Amino acid sequence: MKLLSRKRINTLLVNGALIAICLIALIPVATTVLISFKGEKDTIRKPPIIFPCDTPTSSFDLTACRWAIEGYLRVLAPKPTDDGLLPFTLTGNMVRVYIPNSFLYATSTALLVVLLAGMAGYAFSRYRFRGHRALMVAILAITGVPLLTNLLALYQMGITIRKAGIPFYDDRLFLIAVYVGFFLPLSVWIAKGFFDAIPRDLDEAALIDGCSPFGALLRVSMPLALPGLMAIFLLTFVNVWNEFIAGYLLIPKNELKPAMFGIYEFLGQNIINLQVIAAACILIALPIVILFIFARRSFFSAMVEGAVKG
Amino acid sequence: MQATATRRKSKSRFRDTLPFWLILPTILVLLAIQVYPAFYTIWLSFHERKPQGWEYVGVRNFQLLFGMGIFGESVGHTIIFLVGYVSLTLVLGFVIAMLLNRKLRFSGFYITLLFIPWIIADIIVGIVFRLLVIPDYGLLTGFLGNPALFPPDGLSVLTAVPPQPWLGEFPFPPAPAMTYLILASSWRALPFITLLLLAAMQTVPTEVIESSRIDGANGWQVVRRIMIPLMLPTLVVAVFSLTLSGMNGVGMVFSLTRGGPGSATQVLSYTLYSLGWSQLDFGRAAALALLIAVVNWALIMATLRVTRVEERNH
C-alpha cells in the first residue's frame, strides 16, 4: 500500500518551498518589527541579538524579554494634556505634520484621479471617435514615463508659478497636480478595462428609456463601475503615499512635506537610534500594509487590468 | 417651434461631443504635467543659468557632462545594477511563478504574503535593508563580518571599498554595497514580476505541456522549448519594465547607500539628483535627464511594439 502518492509528495514539497520563500521574503520586515520593540540598550549590543530575551545564564528566556516601546514614544512624543478627548496629545513631527500631509496629498490625488480616469475611461470604452486609437496609445506611452526625468522642468515650473504670485496659490496644489498627472495615465487604462467589462446593453436600455448619455453614465455605469473605481483610488493612494522624490523636491517648506521626507530626515538625525528609525518605518508602512491585506482583491484586479498594458 | 429645434440641435451636439468633454480634462492635465515638461527639459539642456537669466549655450552642457568622470562611472554602475537587478528578479520571479502555477489550497495566502514587499515604499525598503547591515549593530553584520566566511577580514557591506576592476575602468566586479542594493531592489520588485509571469504562465495550455511530457521531455526541456517561447512577449515586457523602473528609481539609493561608499553605488538617477539639487547645475542635469529620457522612450516604444504584435496574434 502506498501511503503517499508521488503527486501528494510533490504538492507537499511545493507547499514547503513556498512557505520557506514567504518566510525568507518577510525576514527584513520581521527584523524591523523586532528592532522597533527593543530598548536602546538592546539595539546597540555587540554582537547584535535577534530577540532581547537573553539573561546572563541562558541565551533565550521568554520571561526575561525586555520589550520596549521607547522607539514609538520617541516618534510620537506624547505630552499629557488636561483638555481634549485623550489624556495626551502626540507632538512628534511625524504624526503632527508629515503623516497628515501625506494623507492630504494621497487622498486628494486619488479622488481627482478617480474622477478624471472614470470620465476618460468611460469615453474610451463606450465611444468610437476619430483619433480614439492614437489617443489611447499616446496615453499608454505616457504611462511608462517616470517622474525622474521631468523633475527638473517641474521644479522650474514650480518656481515660476510661485513667483507669479497667483492669489491662494499654494505649493501643495502644484504637487497634487504633478501626482495627478503621473498616476492618471495608468488609471485611464484601468478604468477603460473596468468599463469594458460592464455590458453595453445596460446603457442602451437606459438611453431608450429616456435617460441622457450623461445620466446613463451617472446612474447606470458609475454604480456598476464602483468596485473598479475603488481599486483605482486605492492604487493611487498607495502610490502617492509611497512617493518620495517629488514630495521632497517640489515642496520647499519642510512643514508641508510628506511622510517619506519625514522618514528620510529621521534617518539623518538618528544614526544610532535604530529603534526610533524602525518604529517610524513601521508607523508609516503599517497602515498601507493593513489596507493592502484587507483590500487585496481590489489591488489585484486593478493590477491585472494595468499590468497587461505594462 | 424654432426654439425647440435649436435646443434639440444643441442638445444633440452636446451628445455627440460628450466623449470629447469627458476626455478633455485628462488631456489638459497630461499636456501640462507630462508633455510640456518634456519639451521644457529639452530647452533646459541647451541653456545655462546665468545671473541675468538663461543663456543659450548649444551642446556645451552635453560636452561638460561627458567630460565629467562621474558620468562614465555612473553609466558603468547603472549597467551593472540593471544587469544584476533584471536577471535576478526575472529568474526568481519565474521560479516562484512556476511553484504557484498549480492548484494549491493556499495560493491566495502565499500571494498575499509575497506581495507585502511590493506595497512598502522604496525609501522604507532601503532603510529596512540598511538596518540589517549597519556597521556594528546590524543583525547580518556579525555573520558577514566573520573572517572565516568572507576572507580575509570579513565584509562590511556599507563601507567596503570596491574591488579592483578587471577591465579598465568598468566597475566590475561590483562593490558589496552594489550587490546589496541589487538584492534590496529585487526584493521589492519581485512580487509584481512574479504575478506578471504567473498570469502569462496560466495561458500556456496544459495539454501542450502534458503531451510533451508523454513524448519524454524533461522539466528543463519543457521550460526551455515550450514555456519560454510561449511566454516570450511577457518576458520581454517584464525585462523592459524592470529596466525602466531600475534606471529611474532613486528612493532606494537615497535611503540605503546615498551613492556610497565613495561613489560605488552612484547610478545615473542619483547623479541626476546630485547634479541638479546638490550642485545646482540645472543645464548639465537637464542634459543628463534628456539622455535618460531618450532611453526611457526607446524602452516604452519597444514595449508598445511587443504588446501590439502580441495583440495582433491573438
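Conditions (1) touching a residue at least 24 places away in the same chain (Cβ under 8 Å); (2) surrounded by 14 or more Cβ atoms within 10 Å (Cβ to Cβ); (3) over 26 Å from the mean Cα position of the chain (by Cα), marked per residue:
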site	(1), (2), (3)
B:Tyr110	no, yes, no
B:Gly142	no, yes, yes
B:Ser156	no, yes, yes
B:Trp166	no, no, yes
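Residue-wise test of (1) among the basic types (Lys, Arg); (2) in contact with a helix residue (DSSP H, G or I) (Cβ under 6 Å, 6 or more places away or on another chain).
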{"residue": "A:Ala20", "(1), (2)": "no, no"}
{"residue": "A:Thr55", "(1), (2)": "no, yes"}
{"residue": "A:Pro87", "(1), (2)": "no, no"}
{"residue": "A:Arg96", "(1), (2)": "yes, no"}
{"residue": "A:Val114", "(1), (2)": "no, yes"}
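Put simply, of B:Gly84, B:Gly93, B:Gly126, B:Gly138 the only residue that is among the small types (Gly, Ala, Ser) and at pLDDT below 90 is B:Gly138.
Taking the range B:257-283, which residues are in a helix (DSSP H, G or I) and over 30 Å from B:Gln164 (Cβ atoms)? Within the range B:257-283, B:Gly276, B:Trp277, B:Phe282, B:Gly283 qualify. Selection over the range A:288-300 of residues that are more than 9 Å from chain B (Cβ to nearest Cβ), in contact with a helix residue (DSSP H, G or I) (Cβ under 8 Å, 6 or more places away or on another chain) and assigned to a helix (DSSP H, G or I) gives a count of 1.
Checked against the criterion of being closer than 23 Å to A:Asp203 by Cβ, assigned to a helix (DSSP H, G or I) and out of contact with any Leu (no Cβ under 6 Å at 6 or more places or on another chain), the candidates A:Leu104, A:Leu135, A:Leu148 yield just one match: A:Leu135. Condition first: out of contact with any helix residue (DSSP H, G or I) (no Cβ under 6 Å at 6 or more places or on another chain) and either more than 10 Å from chain A (Cβ to nearest Cβ) or without any contact (Cβ under 8 Å) to a residue 60 or more places away in the chain (or both). Now tell me which residues in the range B:244-255 satisfy that. Within the range B:244-255, just B:Ser245 meets the criteria. Among the residues of the range A:72-87, the one identified as in a strand (DSSP E or B) and surrounded by 14 or more Cβ atoms within 10 Å (Cβ to Cβ) is A:Pro78.
Checked against (1) surrounded by fewer than 16 Cβ atoms within 10 Å (Cβ to Cβ); (2) among the aromatic types (Phe, Trp, Tyr); (3) in contact with a helix residue (DSSP H, G or I) (Cβ under 6 Å, 6 or more places away or on another chain); (4) more than 12 Å from every other protein chain (Cβ to nearest Cβ), A:Tyr105 meets all criteria but (1).
Scanning the range B:256-287 for residues that are within 9 Å of chain A (Cβ to nearest Cβ) and out of contact with any Gly (no Cβ under 7 Å at 6 or more places or on another chain), we see that the one that is surrounded by the most Cβ atoms within 10 Å (Cβ to Cβ) is B:Ala286. Only one of B:Ser186, B:Ser211 is of a type outside the set (A, V, I, L, M, F, W, C), crowded, with 22+ Cβ neighbours inside 10 Å and either assigned by TED's automatic domain parsing to the domain that holds B:Val95 or under 18 Å from the mean Cα position of the chain (by Cα) (or both). Can you tell me which? Just a single option satisfies the conditions, and that option is B:Ser186. The set of residues from the range A:27-64 being surrounded by fewer than 16 Cβ atoms within 10 Å (Cβ to Cβ) and in contact with a Pro (Cβ under 8 Å, 6 or more places away or on another chain) comprises just one member, A:Gly39. Within the range A:108-132, restricting attention to residues that are at the interface with another protein chain (Cβ under 7 Å from one of its Cβ atoms) and part of a helix (DSSP H, G or I), the residue that is farthest from A:Leu229 (Cα to Cα) is A:Ala123.
Summed over the range A:174-221, the residues that are among the basic types (Lys, Arg) and surrounded by 18 or more Cβ atoms within 10 Å (Cβ to Cβ) give a count of 1.
Across the range B:133-140, a minimum of one residue is classified as within 9 Å of chain A (Cβ to nearest Cβ), surrounded by fewer than 18 Cβ atoms within 10 Å (Cβ to Cβ) and over 21 Å from B:Pro163 (Cα atoms).
If you go through the range B:208-256 and keep only what is outside any helix (DSSP H, G or I) and among the small types (Gly, Ala, Ser), you end up with B:Gly216, B:Ala217, B:Gly249. So, A:Tyr72, is that one at pLDDT 80 or above and within 14 Å of chain B (Cβ to nearest Cβ) or not? No; evaluated as a whole, the condition is false for this residue.
Each residue in the range A:57-92 was checked for being of a type in the set (Gly, Ala, Ser) and more than 22 Å from A:Ala278 (Cα to Cα), and 4 of them qualify.
The single residue among A:Val14, A:Val97 that is touching a Lys or Arg at 6+ places or on another chain (Cβ under 9 Å), within 10 Å of chain B (Cβ to nearest Cβ) and part of a helix (DSSP H, G or I) turns out to be A:Val14.
Set side by side, the residues B:Leu196, B:Leu155 differ, and just one is part of a loop (DSSP other than H, G, I, E, B) and either closer than 24 Å to B:Thr78 by Cβ or within 14 Å of chain A (Cβ to nearest Cβ) (or both), which is B:Leu155.
Counting only helices (runs of 4 or more DSSP H) wholly contained in the range A:163-270, the ones carrying 3 or more residues that are in contact (Cβ under 8 Å) with a residue 40 or more places away in the chain and within 12 Å of chain B (Cβ to nearest Cβ) occupy A:171-196, A:222-242, A:245-250, A:259-269. In the range B:179-191, the residues that are at positive phi form no Cβ pair under 9 Å with any partner that is in a helix (DSSP H, G or I) and surrounded by 24 or more Cβ atoms within 10 Å (Cβ to Cβ), whether six or more places apart or across chains.
The values are calculated or read from the model by the stated rules, or taken from the named source; none is laboratory data. In this text the structure is predicted, and so the values were computed from the model without any measurement. Glycine also receives a Cβ, built like all others from the backbone with ideal geometry; neighbour counts cover every protein chain displayed.
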